[in-house]
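All remarks here apply to the structure that follows.
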Amino acid sequence: MSDVNTIEELKKQEEYMDMLKDILFMRYNNIQPKAHVRTYGCQQNVADSEKIKGMLETMGCVLTENADEADIIIFNTCAVREHAEDRVFGNVGELKALKRKKPSLLIGLCGCMMEQKHIAERIYKSFPYVGMVFGTHVIHKFPEMLYNAVTTGKRLVERGEDDGKIYEGIPMHRDGSFKGWLSVMYGCDNFCTYCIVPHVRGRERSRKPQIVIDEAKAMIKSGYKEITLLGQNVNSYGKGFEEKTSFPELLKSISEIDGDFWIRFMTSHPKDASKKLIDVIAGSDKICNHIHLPFQSGSDEILKRMNRHYDKEKYMEIVNYAKKKIPDLSLTSDVIVGFPGETYEDFQKTLDLIREVEFTSLFTFIYSPRVGTPAAKMDDPVPYEEKSKWFSELLKVQEEIAAKRCAEMNGKTYRVLVEEQKKDGILCARTQNNIIVEVSGSEELIGTFQYAEVTESRNWILRGKLV
Ligand code: SAH
Ligand code: SF4
Ligand code: F3S
């Protein structure tokens, strides 16, 4: 919650930002310094990077997409799988040459990887040109850390303890002008046995409903057409409030704000997804008919060992209820292949579930052991090569389903939000159920709602025309 301590803390940080305005300006020869923030990982990190960018702008920096021209580089890292971490290690290695060319370059690493002691230590030792290492729990102190780094010239590492607080009012630079993220809660209490997130993001805490609703109102007023509500498990929103507000209630309140806009949300944990949630989605045309509902595995035995607190039957119950209530519903999901001890028979149950639900798309991962999680200590006899084969089998099954789902959309007309223009001039427009339709049209349509008739479906790419 935003309390006296957090308000005072942020006031202090404002003073640091104020001082840094002059200090940075002089350090970079009386030119506004350029700052580059690169984000790895999920939307939680994207939202955090928007705060880092907001603070950098308040310190007088201009943001750049080009690391080569930057005076300050911040990498906001993800720890969810080994591959994600390897990419960061590789990319940080590449910064060495930039630092050699420009000794005044300030490099900082933050985010989920840095909340792991062994990683923070490895980074500090391996990359002496990295000046600041800080974790997710202390990003509100970024101005103070930058001030100390600049004024002392010393390298610093800050990995705070999770203080369970929410720091409301950190400046924010939103990346998009018509699609925006809105965090409703932080952290995770679920401790799925494979997952590092609760270890690096701390305990679950929800922002007050009125603060979230006011922020949504302000976004809509300034022209946002799509707001995605964010949390690792939005369905447990409001835990610990004196006056309980559930996620469906929050969702409903936001959908009742005046204006023409869409709402999305992620992520829903199946154990807490209620019929009330489905009814609220079904009852509003502003809430997109798309639910991201990660099932992870179709085998009850594996789900139990993942500590997911639902079985296939419970998952299918909510899916079938949602399909019945929400017309044109699109379901997407996350799935892990090769959890420790998973057999080929378990894996077949995952394929069965995929065939039964017919997801429009899937985020698919091969299990990656994470230091400090219970699953990393479980027996894992199936070799990686075998898991890769299963993985390819899964992709093939899903590709056929996605193609079929897309083909069903052929000939129909949908309301779409035009998102971007590709290099060949074609516009990409997204339907409520989260499918892209490619259409011809002028650039001015970006950020507006239109209607598109689907005229052609090729695998999972849809072509259409504006009507
Ligand atoms: N809070 C969300 C997921 C956040 S992490 C939820 O519970 O659904 C995003 C996805 O990464 C997870 O859904 C899971 O499929 C995958 N994931 C997490 N840890 C993983 C690991 N150790 N190995 C492989 N995939 C993992
Ligand atoms: Fe990880 Fe599970 Fe929390 Fe999702 S719900 S972030 S998978 S621990
Ligand atoms: Fe990665 Fe952290 Fe998100 S570990 S998936 S960036 S919460």
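Can you tell me which residue is surrounded by the fewest Cβ atoms within 10 Å (Cβ to Cβ) among those in region 338-397 that are among the β-branched types (V, I, T) and part of a helix (DSSP H, G or I)? Once the filter is applied, the top-ranked residue is V397. Just to be sure, is L353 within 16 Å of ligand 2 (Cβ to nearest atom), closer than 26 Å to P198 by Cβ, without any contact (Cβ under 8 Å) to a residue 60 or more places away in the chain and of a type outside the set (K, R)? Here the answer is no, as L353 does not meet what is asked. The residue that is farthest from ligand 2 (Cβ to nearest atom), counting only those in region 197-212 that are crowded, with 21+ Cβ neighbours inside 10 Å and aliphatic (A, V, I, L, M), is V212.
Every listed requirement among (1) buried (at least 16 other Cβ atoms within 10 Å of the Cβ); (2) over 19 Å from I139 (Cα atoms) is met by N30 save one, (1). Assess whether N29 counts as being part of a loop (DSSP other than H, G, I, E, B) and of a type outside the set (D, E, K, R). Criteria met by N29. Number of residues in region 1-21 that are touching a helix residue (DSSP H, G or I) at 6+ places or on another chain (Cβ under 9 Å) and either exposed (fewer than 12 other Cβ atoms within 10 Å of the Cβ) or outside any loop (DSSP other than H, G, I, E, B) (or both) equals 13.
Just one of the numbered conditions (1) modelled with pLDDT of 95 or more; (2) buried (at least 18 other Cβ atoms within 10 Å of the Cβ) is not true of D162: (1).
The values are calculated or read from the model by the stated rules, or taken from the named source; none is laboratory data. It should be emphasised that the depicted structure is a prediction, and the values quoted were computed from it without experimental measurement. Reconstructed Cβ throughout: ideal geometry from the backbone, glycine too, with neighbour counts over all protein chains shown.
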